[in-house]
Amino acid sequence: MSSDKKMTREELGLQIIIFSLGFFYAIVYYIAVPGTVNLQAVSDQLLAYITAMLTAAFAIGVINLTRVHVNNIKRKRATWKYSVILIICLYAMAIFSMIASPYALDPQAAVIPASVIAFSTPIWEFLYYKILVNINSTIFSLLAFFIASAAYRAFKARSLESTILLAAGLLVVLGQAPIADLVWPGFGAIRDWILAFPNTAGQRGILIGAALGILVFSVRRLFRYPWGD
Amino acid sequence: MNPIDLIGVWVGVFITLMVLSFLYKENPFFRLAEYSFIGLAAGYALAASLRLFINQALNPIFVDGNLTFIVPVILGSLFYAQFTKKYSSLYRLPLSLALGYSLGVTIWSIFATFFVKQVTATMIPLFTGNALTTFDNVILVAGTILSLSYFILHREQKGVWGGFTKIGKYFILATLGAVFGSTVLGRMAIIIQRVQFLVGDPAFPWRALGMGTATEGAYAPIGVVAFLAVFGYYMYRERKKGSSAETASKATKP
Amino acid sequence: MLVAIYWVAKIAVKRKLKTRSIPGLERIDEWIKEAAKLNRSVFFTPGTGGITTPDTLAALALLGYVAKHCVEHNARLLVANSDPQVQQLTEDLVKNAYAKAGREKEYSTDMVRYVSTRQFAYAAGVMGILRREKPAVNFFVGDFQAEALQIAETGRGEAIYQFGGTTNTDQLPFFMTTCDQTLIGEELYTAQGYLSSDPEAISRLIGPDAGKILAILLILAGALLITFGNSILIALMEL
Amino acid sequence: MYLILLLVITVPVLTHASIAVPITPMTRALYDFIQNLPPNSLVVESFDYATSVVPELHPQAIVVTQHIFMRPLKVLFVALDNNGPPLADAVLDTINKGNKSYGVDYANLGYIPNTATLIGMPSNIAQFLPVDTHGNPTAGLPIIKEFPAAKDAAFVITFDDDSSALYSYLQYWQGSFNIAVAVGATATIAPGFMPFYNSGQLVGVLISIRGAAEYESLLNQQYHCCLGISGASSAMVALSASHVLIVAMVVFGNAAYFISRRTSKREK
C-alpha cells in the first residue's frame, strides 16, 4: 500500500486510463458550456460502451465455477458428489432459462420451435419457483434464528456502552410488538421517537464521515491503483 | 388439484427443511441444498446476463447497425484473458476502464448525495417555541455533530474532547441498537411465512410465489412428516456409526 | 468547499498532530500468526458489492495486507467472492502476494473461490465453507447486505475470531454484535493508512478530518442561522 | 433456543389466534390520505420488491390495492423490480375487484427498465411504456386516454425493499411534479425513511407486515370486510410472541450474567 513503489510501464498506462476516465466523470456533471461539444451526450455514449463492455464478461462466473468443480470431481475431493449435482443444476438451469425464462433468447419462437418452448416452460417454472425461490426464502429465514441468538448474546449490560445498545434495541423491539402496545401505548411512541431522532443523528454522523473517507480514498485511487499490492 | 403443483409443494417443503436443518448442524441435506442452489442460481444468472449482453452490446451492432459497439465487445472479451497463462494480466485493461468510470462517478455523487444532503438536512432550528420539538431538534443536531466527532482521528480522545467523542459513540451505539431492533420485525415476518408454508396455511401467498393454490398447499404437512422421518433415519444411522466407531476405537486401545 | 478542505488539511499537516488509534488493527498480525500455529486457514470475503462499490475497493486494499502477512507467516488463505470481476482482482492480489515472496508455486486456484452472484447462494456457500473448513480467523470486510448476519453468526458458532467492517448502517449493528473487532463506517477507509505505518500515509488522513470539522462548523452555523429565520446557508449548499 | 423460537411461531400460526393491532400514526396517515383522495383521481402503485421479501411487502400491496379498488379511483401498476409485474397480477387475483374493469379503471404497465423511462413517464406514458403486460398497446387503453401523462397522478405508492425506488420517486416525480408519495417499506429500511415522513415529504409509511395488519384492521373498521385477505393479521400473534420471546431471552441472559458475575466476585 505504500506509494513509493515504482509503477511498471503497464501499470502506468492503466493508471492513465483510470485517471482520465475518472477525472472526466467526476467533473462532467458540473460543466455545461453552451455552444460547445455536448459533454453530457459524450458521457452518456461512453457509459453505453462501458456497460456493453462489462456485459461481455457474462460467462466469467460460470467458467470459474465449472473449473473449480470439475477439478473437484477429477480429483475426487471430499465433496465431489455435490460438485456433480452443482454442475448438472447449473447447465440444466442455464439451458431452460435461455429457452423459457423472462430472459429467454428467443421469446417469439423465431428459431427455437414453439413445441420446445412449450415443453421447457413448466420445467423452468418448476426449477425456478418450486426449488430456487424456496431455497432462497429459507436461507433468508435463517436470519430470524440468527438475530435471536445474536440478541441473546450481545444485549448484555456489561458496560455503559453495551447498556445503551441494549436499551435502544429492546425499546424498539418492544415498540413494534403489537402486544406491547396493548399493554402500554407509550412503547410505540418511544420506538418512533428513537428511530426519528437519536437514530437519524447517529446515521448522519456515520454517513457524513464515511462520505469523506470514500471521497479521499477514491481520489487517491485515481492517482494510484494498487494492482496486486 | 394440479398434481405437478402438489409435487412442487412437497419438493418445496423438503427443500425448506433441508436448509433449516443447518441450524442443528452442517449435514448432507444442507450441503445438497447449498450446492444445487449455487448451481441453479449461476445457471439462471448466465441466461440473464447473456440476455443483457445481447441487449446492450450485440443488438446495437446487429440490429441498429452501430459498428462502434464492436470496440467494447472486443475490450470486454479481454476479461477472459485471465484464463490463459500467457496473457492473463490483459484483463486489467477493461477493468481499468470500469474502475476509472466508477471512481469518477463515486467522487461526483458521494459529495452531492451524502455530504451536502445530510449536512443541509441537519440545518434545522434549535429553538422552535415548542419545548418538545426544540428538544428533538437539539438532539438531532447535537447527535449528528457528536457522532461525527467520534470519527475525527487527529486528536487523542482524552479530556473534554474525549467526553464529546464518547457521547458521540453513545449516539452511534443507540443507532445501531435501534436498527438491530427494527430489523427483528422483518426477519420474524419472513420466518412466520415459512412456517405458514410448512403447515399449509391458506394465508400463505401460494399464487404470488408460484406454488399453485392453497388446495395443494394444504397437503404440505405430509411433506414435513416425510422429511422428519428421513432425517430421523439419517440421525439414527449417524449415531449408530458414531457409537460403533467409538467401540471400535475403544477396542483397539490396549 | 473542496478548496476549504484542502486548506485546512495543509495547516494540519504542518502541525504534526497526534492521532487516536483504531482498536484492533494491530491484532490482525497476531491473529494470522495464531492461525498458522493452529494450522487452520485465514478466511477473507469482500462481500456482495461489485467493483463500482467503494466499500469493496477498500476491502481489497485490506486484503492486500492480509495476503502479505499470510504468506509471511505461512498461513493458508481462503477467499470467497460474489462478483466475478472482484474475483479476478482478488485472484491477482493473492497470486501477487505469493509471487513477491518468490513462492508462486504455493498459490493454488482453490484459494480464491467464486461462489455466486446471487446474494443468498453466496451466503449459503460462505456458511458452508465456515462450518466445513473451520478457519481460525474470518475477515468479512466490505459491502454486505442481509447476508452479513448469516456469515457472522455461523462464524461465531464455530468460535472463529471475527474481524468485520462496513459503512452500511443497516448491517453495522450485526457486525458490532458478532465480531471481535469492527471497522465502523469511515474507519474502513482510514484503516490502510494505519496499517502502512508510514508517516506520509497517516498525514493523508488529515483530509477527511478537515472535512469533518468543516461539516460540523457548517451544521452549527446553518442551524444557528435558521433558528433566527435565515436560510441563506441552506440555499448556498443546494446550489 | 432455535426450537423454542420455531414453536413460539408455529403454535399461533396453527391455531389462527388473533389479536387487536394498535394503529400507528404513519399507517393512519396513509389510510386517511387514500380515503380522502377526490373521486376519479389517478393512483400509481409501484411494485419494487423481489420475491425474497414477499412476506414483508406483499400483504401491504394487497390491502392498499383493495382499499384503492373500494374507492372510485383509477390505478396504474408499474414495477421497478423485474419480479414486480407478476406480483402485481397475483395481488389482483387475490383482491375483490368489485365492478372495475381492466383497461378502464386499472392497468398493469409492467417493468420500468431504466431511469430514463421513469423520468419520461410523467410527460408521456404511452411513449415510454408502449405495451402493457397483456401485450395491449398502452395508447389504446381508455385509462391512458384519460390520463396520458403520469404527472396527472395524485399519488404514487412504492413497495420498496432497498430504498432506491423511493429515492427515485421522490427525486423525479415529487421533486419535479409535486406528486404525493408514500412507501411500504421493509423493517430494515423503514428507520431511514422517518426523516422524510417527519418533514412531510411522505404522506405515510407502512412498516413491514405489521403495517399491513394495521391497514387491514382500518379497512375492517370502516368497511367491515377484508379481514384475513392479506394474511398479515393472522401473523400478528406469532409476531408478538417471537418479539416477547426475544425480550424474555435478553432479560434472562442478563439475569444469568449478573448472577454469575456476583458469584465469581465472591469466590475472589
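Values for this structure:
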{"read-out": "In Å², nearest 10: area of D:Cys226 left accessible to a 1.4 Å probe", "value": "30 Å²"}
{"read-out": "Cβ neighbours within 10 Å from other chains - mean over D:81-93", "value": "2"}
{"read-out": "Protection-proxy order for peptides A:83-94, C:104-115, each taking the mean of Cβ atoms within 10 Å per residue, highest first", "value": "A:83-94, C:104-115"}
{"read-out": "With 10 Å bins from 0: P(r) over chain C, alpha-carbon pairs, percent", "value": "7, 28, 31, 18, 11, 4, 1"}
{"read-out": "Contact order relative to length of chain C, as percent, for alpha carbon pairs under 8 angstrom and 6 or more apart", "value": "21 percent"}
{"read-out": "Burial order of peptide ranges C:129-135, A:153-159, B:173-179, C:209-215 (average beta-carbon count within 10 Å, highest first)", "value": "B:173-179, C:209-215, C:129-135, A:153-159"}
{"read-out": "Unmatched cysteines, the protein assembly as shown - criterion: no other Cβ of a Cys under 4.7 angstrom", "value": "A:Cys89, C:Cys70, C:Cys179"}
{"read-out": "Partner aspartates and glutamates for C:Lys212 [C-alpha distance under 14 Å; skip if fewer than 8 residues away on the same chain]", "value": "C:Glu186, C:Glu187"}
{"read-out": "Relative contact order computed over chain D (Cα-Cα under 8 Å; 6+ residues apart), in percent", "value": "26 percent"}
{"read-out": "Chain pair C, B: total accessible area buried, heavy atoms, 1.4 Å probe, Å²", "value": "5300 Å²"}
{"read-out": "Cα gyration tensor shape of the protein assembly as shown, rounded if a/c is under 1.5, else prolate or oblate by comparing a/b with b/c", "value": "rounded"}
{"read-out": "Calculated FRET efficiency for the pair A:Leu47/C:Lys100, C-beta based, R₀ 45 Å, to 0.05", "value": "0.80"}
{"read-out": "Chain D - percent of accessible surface contributed by carbon and sulfur, probe 1.4 Å", "value": "58 percent"}
{"read-out": "Cα gyration tensor shape for the range D:7-50, rounded if a/c is under 1.5, else prolate or oblate", "value": "prolate"}
{"read-out": "Helix-derived mean residue ellipticity, 222 nm - over chain A, DSSP H n ≥ 4, -39500 (n - 2.57), to 500", "value": "-24000 deg cm²/dmol"}
{"read-out": "Of B:Lys85/C:Lys105; A:Lys74/B:Lys25; A:Lys130/D:Lys97; D:Lys74/D:Lys145; A:Lys81/B:Lys85, those spanning more than 20 Å from alpha-carbon to alpha-carbon", "value": "A:Lys74/B:Lys25; A:Lys130/D:Lys97; A:Lys81/B:Lys85"}
{"read-out": "Shielding of B:54-62 by partner chains, average beta-carbon count, 10 Å", "value": "4"}
{"read-out": "Sulfur and carbon atoms: percent of accessible area, the range A:59-144 [1.4 Å]", "value": "69 percent"}
{"read-out": "C-alpha long axis of helix C:27-38 to longest principal axis of chain C, angle in °", "value": "10 degrees"}
{"read-out": "Degrees between helix B:92-109 axis and first principal axis of chain B (Cα, 0 to 90, nearest 10)", "value": "50 degrees"}
{"read-out": "Carbon and sulfur %, accessible surface of the range B:18-65 computed with the full protein complex present, 1.4 Å", "value": "62 percent"}
{"read-out": "Accessible area expressed per residue, the range D:22-232, with surrounding protein chains retained (probe 1.4 Å, Å²)", "value": "32 Å²"}
{"read-out": "Exercise: per-residue mean of other protein chain Cβ atoms within 10 Å, C:62-73", "value": "1"}
{"read-out": "Surface per residue (accessible, 1.4 Å probe) for chain C, Å²", "value": "37 Å²"}
{"read-out": "Gyration tensor verdict on chain B (Cα atoms; rounded if a/c is under 1.5, prolate if a/b is larger than b/c, oblate otherwise)", "value": "oblate"}
{"read-out": "Chain A, relative contact order [Cα under 8 Å, separation at least 6], %", "value": "17 percent"}
{"read-out": "Extended-chain gain in nm, criterion 0.36 nm per residue less alpha-carbon gap, A:Val183 and A:Ile63", "value": "37.4 nm"}
{"read-out": "Protection-proxy order for peptides C:34-43, A:112-121, each taking the mean of Cβ atoms within 10 Å per residue, highest first", "value": "C:34-43, A:112-121"}
{"read-out": "Helix D:25-35 vs. chain D, principal-axis angle (Cα, 0 to 90°, nearest 10)", "value": "20 degrees"}
{"read-out": "Total accessible area lost when A and B pair, probe 1.4 Å, Å² to nearest 100", "value": "10200 Å²"}
{"read-out": "Mean Kyte hydropathy of -0.5 or more with a Cα span along the axis of at least 18 Å, helices from DSSP in chain A", "value": "A:9-27, A:39-55, A:60-74, A:80-100, A:133-154, A:160-176, A:198-223"}
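The values are calculated or read from the model by the stated rules, or taken from the named source; none is laboratory data. Just so it is clear, the model here is predicted, and its values are computed rather than measured. Every residue, glycine as well, gets a Cβ built from its backbone with ideal geometry; the counts of neighbours run over all protein chains shown. Calculation scope for accessible area: heavy atoms of the full protein, side chains included, ligands and nucleic acids excluded. Shrake-Rupley method; radii C 1.70, N 1.55, O 1.52, S 1.80 Å.
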